[in-house]
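S.K.: Supplied in structure tokens, the structure appears directly below.
The values are calculated or read from the model by the stated rules, or taken from the named source; none is laboratory data. Since we're looking at a predicted model, the values are computed, not measured. Counting neighbours? That spans all protein chains shown, and the Cβs are built from the backbone with ideal geometry, glycine included.
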Amino acid sequence: MALQNKIFSLFISLAFSSFGGIAFAQQLADEPVGGMDENELEATEILLAPSIAEIPSILNIPILNKYYTSWDTLCVRRYSEVPPLAGDSTNLPLFSDYSTGFVMPVEGDFLSPFGHRGRRVHAGVDIKLEAGDPVSCAFDGVVRMARRYSGYGNCVVVRHYNGIETLYGHLSKISVKVNQQVKAGDIIGLGGHTGRASCNHLHFETRFQGKAFNPKQLIDFNTYNLLADTFTVTKATYGLSRDYIPSASNEIIATNNDSVKHNAKSSKSKKYHTIKSGDTLGALSLKYGTSVKQLCSINGIKPTKTLKLGTKLRVR
């Protein structure tokens, strides 16, 4: 693996230095090696027969029925049929009666952005973690895929009730099963570097109807919170340039600028607690100056819920 990393670094440096991009080449060389190229993934999966797995009944809700008509437990982005986007934009409310919270999968140093990495397309972002660190599910949803998958290594894909799918790659251990319901903050696996990965890190992707988009359009990686409560998808969402973010004129986050500012400000005030031995809803309500009722409301849980060690609970 060390030899492969040196060869990759040398190749990148030679490829870009001739074009005056020495600093950029060094940045690429310092990023984790591996993962799956988006073009490679599409070319491979499009040749496979459509999946015959049935969509779990729990996902029979209007927002998902509108955008998804298949359920593939073996591949990352293969769909038997995907309806086109209606109109110029599609609004996805991130929170609803079905999807009640968001938790950052892992809070670590940002290693590598979305988009072109030389000639390859990096379909997600890489976040630093230590081997064995718990990786949390971002939103409520159902596990669509949980298996070892080529360059992703041990990989989990979750379809969320808000219409987005998230992918978690290079796990050392998978802790969930296909068709399992999960909540935001539930542990879906442990961090590692399985598959094509040169160091311990989480490869994290966000997708809509099978297409990857830069998670930075959705998440503030400085505060580990969502940028807004609604995500608006347009054709501009799917740019593949390095660390791609649509221009403000595309109004990608929301259609009302005042709403964006308000939602972003509200999102930054959110706070989460990682459950430890002895924690109870009563004790946490006292610690954070809130009530058990409020904790249950913002997390979509009942007062009798058993708090699992390592999961994250929103306390503000």
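S.K.: Give me the pairs, please: first residue somewhere in the range 303-316 and under 20 Å from GLY189 (Cβ atoms) and in contact (Cβ under 8 Å) with a residue 12 or more places away in the chain, second residue anywhere and among the hydroxyl-bearing types (Ser, Thr, Tyr) and part of a loop (DSSP other than H, G, I, E, B), beta-carbon distance under 8 Å, and either six or more positions apart or on two chains.
M.R.: From the range 303-316, the pairs are LEU307/THR280; LEU309/SER277.
S.K.: Now for a separate question. Restricted to the range 85-132, and to residues that are surrounded by fewer than 21 Cβ atoms within 10 Å (Cβ to Cβ) and among the acidic types (Asp, Glu), which residue is modelled with the lowest pLDDT?
M.R.: Across the range 85-132, the extreme among qualifying residues is ASP88.
S.K.: Still on this structure: Kindly indicate the residue of the range 176-207 that is crowded, with 19+ Cβ neighbours inside 10 Å and of a type in the set (Gly, Ala, Ser) and also nearest to ILE61 (Cα to Cα) among those meeting that condition.
M.R.: So the residue we want is ALA184.
S.K.: List pairs: first in the range 161-175 and in the same structural domain as PRO134 (by TED's automatic domain parsing) and closer than 12 Å to PHE102 by Cβ, second among the polar types (S, T, N, Q) and in a strand (DSSP E or B), Cβ under 7 Å, 6+ apart or cross-chain?
M.R.: Note: pairs meeting the criteria are ILE164/THR206; THR166/THR206.
S.K.: Something else now. Under the condition of being surrounded by 24 or more Cβ atoms within 10 Å (Cβ to Cβ) and of a type outside the set (Gly, Ala, Ser), which residue from the range 141-161 is nearest to LEU94 (Cα to Cα)?
M.R.: Taking the range 141-161 as the starting set, the residues that turn out to be surrounded by 24 or more Cβ atoms within 10 Å (Cβ to Cβ) are 141, 144, 152, 155-158, 160.
Those left that are additionally of a type outside the set (Gly, Ala, Ser): 144, 152, 155-158, 160.
Values: ARG144: 19, TYR152: 26, CYS155: 23, VAL156: 20, VAL157: 18, VAL158: 15, HIS160: 9 Å.
Of everything passing the filter in the range 141-161, HIS160 is nearest to LEU94 (Cα to Cα).
S.K.: To continue, here is another question. Residues that are under 21 Å from GLY210 (Cα atoms) and of a type in the set (A, V, I, L, M), at least 3 per element: which strands (runs of 3 or more DSSP E) completely within the range 150-196 meet that? Spell out how you get there, then give the answer.
M.R.: Numbers: elements: 154-160, 165-171, 187-190.
Ranges flagged: 154-160.
S.K.: Kindly indicate whether any position in the range 168-181 is within 27 Å of LEU240 (Cβ to Cβ), in contact with a helix residue (DSSP H, G or I) (Cβ under 8 Å, 6 or more places away or on another chain) and either of a type in the set (S, T, N, Q) or modelled with pLDDT of 95 or more (or both). Spell out the reasoning first.
M.R.: We begin by selecting, within the range 168-181, every residue within 27 Å of LEU240 (Cβ to Cβ); these are 168-171.
From the residues that got through so far, the ones that are in contact with a helix residue (DSSP H, G or I) (Cβ under 8 Å, 6 or more places away or on another chain) too are 169-170.
Narrowing the set further to residues that are either of a type in the set (S, T, N, Q) or modelled with pLDDT of 95 or more (or both) leaves 169-170.
Yes, the range 168-181 contains at least one residue that is within 27 Å of LEU240 (Cβ to Cβ), in contact with a helix residue (DSSP H, G or I) (Cβ under 8 Å, 6 or more places away or on another chain) and either of a type in the set (S, T, N, Q) or modelled with pLDDT of 95 or more (or both).
S.K.: Among the residues of the range 103-123, write down those that are not in a loop (DSSP other than H, G, I, E, B) and not hydrophobic (A, V, I, L, M, F, W, C).
M.R.: Taking the range 103-123 and keeping what is not in a loop (DSSP other than H, G, I, E, B), we get 110-112, 115-117, 120-122.
Listed by number, the residues that qualify are SER112, GLY115, HIS116, ARG117, ARG120, HIS122.
S.K.: For the range 98-119, check the following and say yes or no: at least one residue is in contact with a helix residue (DSSP H, G or I) (Cβ under 7 Å, 6 or more places away or on another chain) and closer than 18 Å to TRP71 by Cβ.
M.R.: Checked the range 98-119: no residue is in contact with a helix residue (DSSP H, G or I) (Cβ under 7 Å, 6 or more places away or on another chain) and closer than 18 Å to TRP71 by Cβ.
S.K.: Now for a separate question. Being within 19 Å of TYR98 (Cα to Cα), touching a helix residue (DSSP H, G or I) at 6+ places or on another chain (Cβ under 9 Å) and at pLDDT below 80 is the filter here, so list the residues in the range 282-316 that pass it.
M.R.: Within the range 282-316, LYS293, GLN294, CYS296, ILE301, LYS302, PRO303 meet the criteria.
S.K.: Turning to a different aspect of this structure: Give ASP109, ASP140 a once-over and let me know the one that is in the same structural domain as VAL158 (by TED's automatic domain parsing) and free of Cβ contacts under 8 Å to residues at least 60 places away in the same chain.
M.R.: Working: ASP140 fails: free of Cβ contacts under 8 Å to residues at least 60 places away in the same chain.
Testing whether each residue is in the same structural domain as VAL158 (by TED's automatic domain parsing) and free of Cβ contacts under 8 Å to residues at least 60 places away in the same chain leaves just ASP109.
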